[in-house]
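Scroll down for the structure; my scribbles are underneath it.
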Amino acid sequence: MFHNLSRRDFIKNMALTTGALGYWSLSGCNPGTSSPASFNMCGFAAPGLDRVRVGVIGLGMRGPGAVERLSKMQDVDIVGLCDIRPEGVHTAQEILKKHGRAPAREFTAGPDDWQNLCQMELDLVYIVTPWQWHVPMAVGAMKNGKHAAVEVPAALDLDGCWELVETSESTRKHCVMLENCCYDFFELQTLNMVRQGVFGELTHAEGAYIHSLVDYMQPEGDKEIYQGNWRIQHNLKQNGNLYPTHGLGPVAQCMDINRGNRFLHLTSMSSQQAAFTEHARQTGNLQFADLPSYRGDMNTTLIKCAKGQTVLIQHDTSTPRAYSRIHLVQGSLGMARKWPRKGICLHSDGHGWLTDERMIEVEAKYQHPLTKTIGDIARKVGGHGGMDFIMDYRLIYCLKNGLPMDQDVYDAAAWSSVVPLSIQSVADKSNSMDVPDFTRGAWSTNQPLQIVDVNPELLPVQAVVEAGEQMKDPK
Ligand SMILES: NC(=O)c1ccc[n+]([C@@H]2O[C@H](COP(=O)([O-])OP(=O)(O)OC[C@H]3O[C@@H](n4cnc5c(N)ncnc54)[C@H](O)[C@@H]3O)[C@@H](O)[C@H]2O)c1
């Protein structure tokens, strides 16, 4: 696809191959800023369901893993599968077959066939497509009376964030962003420690997505890794934090964002780019060398919260450095940090890192109930070490039992809004950008996310997970 293209042709080609990018500019002005909320979705519980019927859109690198995980839950039926590439649907049908499930109806008739899936009789549309499709697909699902679960980030611009909020409120359908990192074991433990006051009054947090994806974004010759190479297209067009929610979600929950606290404003700065083109030169993949429009390698964004805290979020998918989401939370009585090495400091223990023995004691004392209850099975099923399964299990558990969602549409909007606001700030000499109050004032009375648990008898896990069956982690 990029073979023998000049740099100019290459960039032009990027624009032409992104059919859906038009959705960005087609979404209207911010509808929600001036109008009051029609309904508060925070704490909203939809009626419970005997079985949860699911349609999955997007079966590339990540989607089949969701089909695998959902197939292990007894009261889930995957009834629709959609992808513009029939081979993805075929892979997913094979997964259903392996689990003794009935084949799902297929939707492979082009980029708008997902709209027909949304019209099926089902309860949840699970969206695992490239970023530019998230808003139209989630809105389409809700307008057709279905709950939407959408991959990260939920939206790329503020109009899209508001459209999700307005649609969820007016249809009273859940719009859950699939922020799996909120369900990782240490992140859940941290949240439990915060809720129990172990760190005192929170003052600061840090999160990141530092993960070298250069090999994925620089396919050789005509190859595609991401479908249509969508990820590099975004990276060529926008300079900011394009993927903030893995680092932000878990610390936003600790800080009660949209539930007693909120993001007020942010400032953002990007470095120059060097690692992305250096990698291209080193590998001889010269179509990616010397791309002046590629965003800066490292973006750093600093967010101010209504209760005073600061949150630092970084994004770097080019530099050859070890994976990190940082995950640092600190308060008046101590702090926890996950990367580069797990550590906790507590006022009660002095100022240094806790010893390995104390870390084990603290983990035993503050392990989150969710990981106590389903952590073992989650580790066996896998998906980023188990957090993907905990996320999906909790999603289906809440839908089935008529419970409020852990992540609601305001979380999806506020966490995703860092994408456009960081881009605007970078373009404006790091000037401060206001973060909209997507709850329209309800944040001050919304209740914080509780320390939740599940009863596995209410959603049995069907398949015995065999040793060696653990799923491969996608990027
Ligand atoms: N939470 C996580 O840990 C995590 C990990 C990886 C990816 N993701 C997210 O998952 C999403 C998909 O990423 P991926 O790596 O699987 O990308 P991918 O390119 O491998 O897969 C996307 C799939 O969507 C399909 N698609 C594109 N347009 C479509 C349309 N109009 N209708 C139906 N299908 C369409 C493509 O054919 C492709 O099979 C992204 O939003 C990404 O950010 C999240």
Practice task
May I ask you to order 447-458, 241-252 by the average number of other C-beta atoms within 10 Å around their residues, highest value first?
Solution key: 241-252, 447-458
Exercise for the section: Please say if the chain is rounded, prolate or oblate, where rounded means a/c under 1.5 for a ≥ b ≥ c the square roots of the C-alpha gyration tensor eigenvalues, and otherwise the choice is prolate for a/b larger than b/c and oblate otherwise? Expected result: rounded
Exercise for the section: Taking only the C-alpha atoms, wrap a convex hull around segment 114-206 and report its volume per residue in Å³ as a whole number. Expected result: 136
Handout entry: From phi via Karplus (6.51, -1.76, 1.60), per-residue ³J(HN,Hα) for segment 365-375 in Hz, x at Gly/Pro
Key = 6, 10, 3, 5, x, 4, 6, 5, 6, 10, x
Fill in the blank from the handout: Env charge @ Glu206, Cβ radius under 11 Å, K,R +1 / D,E -1, value +3
Exercise for the section: Rounded, prolate or oblate: pick one for segment 191-347, where a ≥ b ≥ c are the square roots of the eigenvalues of its C-alpha gyration tensor, a/c under 1.5 means rounded, and failing that, prolate if a/b is larger than b/c, else oblate. Expected result: prolate
Fill in the blank from the handout: Rg/Rh over Cα atoms for segment 140-267, Kirkwood Rh, comes to 1.01
Completion exercise
Burial-style ranking of 153-165, 80-92, 58-70, average other-beta-carbon count within 10 Å with highest first, yields 153-165, 58-70, 80-92
Completion exercise
Cβ density ranking, 10 Å radius, fewest first, applied to Trp415, Trp443 yields Trp443, Trp415
Exercise for the section: Give the relative contact order (percent, whole number) for the chain; include only Cα pairs under 8 Å separated by 6+ residues. Expected result: 22
Problem - Residue-averaged 222 nm ellipticity for the chain, from DSSP H runs of 4+ at -39500 (n - 2.57), nearest 500 - result: -10000 deg cm²/dmol
Problem - Backbone HN-Hα couplings from phi across segment 241-254 [Karplus 6.51/-1.76/1.60, Hz, Gly and Pro as x] - result: 8, 8, 8, x, 7, 5, x, 7, x, x, 6, 5, 5, 4
Handout entry: Value of relative contact order over segment 206-265, rounded to a whole percent, pairs C-alpha under 8 Å and six or more apart
Key = 41
Completion exercise
For Lys98, the lysines lying under 23 Å Cα to Cα, once residues fewer than eight places off in the same chain are dropped, come out as Lys72, Lys380, Lys472
Practice task
Read phi for every residue in segment 79-87 and hand back ³J(HN,Hα) as whole Hz from Karplus 6.51 cos²θ - 1.76 cosθ + 1.60, θ = phi - 60°, with x for Gly and Pro.
Solution key: 9, x, 10, 9, 7, 5, 9, x, 5
Exercise for the section: With no solvent and one equal point scatterer per Cα, compute the Debye intensity ratio I(q)/I(0) for segment 41-181 at 0.15 Å⁻¹ and report its log10, rounded to two decimals. Expected result: -0.68
Fill in the blank from the handout: For Lys338, counting only aspartates and glutamates whose alpha-carbon sits under 15 Å away and dropping same-chain residues fewer than eight positions off, the answer is Asp184, Glu187, Glu206, Asp356, Glu363
Handout entry: Relative contact order [Cα under 8 Å, 6+ residues apart], segment 41-164, whole percent
Key = 24
Exercise for the section: Check cross-link reach from Lys97 to the aspartates and glutamates: straight Cα distance under 13 Å, and skip same-chain residues fewer than eight apart. Expected result: Glu68, Asp77
Completion exercise
Of 401-412, 186-197, ordering from highest average Cβ density within 10 Å down gives 401-412, 186-197
Handout entry: Interatomic Cα distance distribution for segment 270-316, bins of 5 angstrom, percent
Key = 6, 21, 20, 15, 12, 9, 7, 6, 4, 2, 0
Problem - Viscosity 0.692 mPa s, temperature 37 °C, Stokes-Einstein D of segment 405-463 from Kirkwood C-alpha radius, µm²/s - result: 224
Problem - Global form of segment 287-396, assessed from the alpha-carbon gyration tensor, a/c cut-off 1.5 - result: oblate
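Only the coordinates and a few stated rules stand behind these numbers; no lab work does. Bear in mind the structure is a predicted one, so any value in this text is a computation, not a measurement. Every residue, glycine as well, gets a Cβ built from its backbone with ideal geometry; the counts of neighbours run over all protein chains shown.
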